[in-house]
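Engineer: The structure is given below, and queries will be raised subsequently.
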Amino acid sequence: MGNLDKVLGICSVCKSIRISDESKIWLKEEDNPELYNRFIKKYEGKLSHTYCPKHFEEAMKNLDTSNSDPVWPLEMPREYLR
Ligand SMILES: [Zn+2]
């Protein structure tokens, strides 16, 4: 067995699994429960939590907003109003 280190990528958000490394195919349980569960069983204990392309994008967006400083309403300097 040459693929002992193989892990199954599973999306932390929607639980889609990456069933092909080369073609980056993601499978949702509702798309094909039988195939999905076959993969889950085969890779039991070798699940690697990650994000599918869609949720990866969303996670990156959330990261951006949480990293930026909150924009507080600034008090207008008095000199500026005169
Ligand atoms: Zn996802």
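Engineer: With label points built 7 Å along Cα→Cβ from the Cα atoms of Lys42 and Lys15, find their separation and express it in nm.
Structural biologist: Computed distance between label sites Lys42 and Lys15 equals 2.0 nm.
Engineer: Using a basic spin-label model with each label point 7 Å from the Cα along Cα→Cβ, how many nm lie between Glu57 and Lys24?
Structural biologist: The two pseudo-label positions are separated by 1.1 nm.
Engineer: Taking the Cβ of each residue in Ile25, Ile40 as the centre, tally the other Cβ atoms inside 10 Å and list the residues starting with the fewest. If you can, show how the numbers build up before the last one.
Structural biologist: Details: Ile25 11, Ile40 15.
Least crowded to most crowded, the residues run Ile25, Ile40.
Engineer: Would you mind giving the average projected area, over all directions, of the Cα convex hull of the range 8-67 in nm² with one decimal? The partial results should precede the final answer.
Structural biologist: Numbers: hull surface 17.9 nm².
With every direction weighted equally, the projected area is 4.5 nm².
Engineer: Something else: What are the residues whose amide H is under 5 Å from the amide H of Val13, where those residues sit 5 or more places off or on another chain and H is modelled from the backbone?
Structural biologist: Placed amide hydrogens put Cys52 under 5 Å from Val13.
Readers should treat all values here as calculations from the given coordinates under stated rules, not as data from a laboratory. All figures in this text were calculated on a predicted structure; none of them were measured in a lab. In this analysis, Cβ positions are derived from the backbone assuming ideal geometry, glycine residues included, and neighbour counts consider all displayed protein chains.
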